[in-house]
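Working notes, beginning with the structure itself.
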Amino acid sequence: EGAAFEGRAESVVVPGHDGEVAFLRGHAPFVGAMGYGELRIQSGGETRRWYLEGGVAQVLDDEVTVLADGIQPADAVDASDARRDLDEALALTPTTDDEFALRDHRLASAQARLRVADRS
């Protein structure tokens, strides 16, 4: 729907599917699935932060492209909303594969938003 950031950066850190991944100048080509967590971009001596929810990251020729399923500025993440969502997800009693997947998504999202909100 739009770009959260375009420009030069000294570093980009994304929440990979299985942990954080950092990209610096000269990084090898890369394509990977994103998880839930904090996207950080160091640019001009300033660190910009977002909550990122899923997607794909690609690095090619010193250019990082992140296509996110969802993104919002880190300072807009509401910790009380995330805690409520976490409590609701923990209260679920899934019985089907689809219900387990939905619960796992809601848990991961709420936990990641809490981590991002705590850093803000």
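The table below lists the values:
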item: 1.4 Å probe accessible area per residue over the chain, in Å²; result: 63
item: Taking the chain and dividing mean pair separation by its residue count, relative contact order in percent (alpha carbons under 8 Å, at least six apart); result: 21
item: In range of the label at A91: residues from the stretch 103-120 whose backbone nitrogen is under 20 Å from the point 7 Å along Cα→Cβ; result: 103-114
item: Rg followed by Dmax, in Å, when the chain is reduced to its Cα trace; result: 15.4, 50
item: Carbon + sulfur, % of accessible area of the chain - ligands and nucleic acids excluded, 1.4 Å; result: 48
item: Between the stretch 86-110 and the stretch 26-50, the Cα center-to-center distance that results, in Å; result: 27
item: Solvent accessible area, Å² - R48, 1.4 Å probe, full protein context; result: 90
item: Helix 97-119 axis, angle to the chain major axis (alpha carbon atoms, nearest 10°); result: 60
item: Förster radius 30 Å - calculated FRET efficiency between E10 and D78 (Cβ-Cβ, nearest 0.05); result: 0.50
item: Cut-off under 5 Å, modelled amide H: who pairs with V21 long-range; result: V14, G16
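The values are calculated or read from the model by the stated rules, or taken from the named source; none is laboratory data. Keep in mind that this is a model prediction, so the values were computed, not measured. Cβ: placed from backbone, ideal geometry, glycine included. Neighbour counts: every protein chain shown. Surface areas here come from the heavy atoms of the whole protein model, side chains and all, with no ligands, DNA or RNA. Shrake-Rupley method; radii C 1.70, N 1.55, O 1.52, S 1.80 Å.
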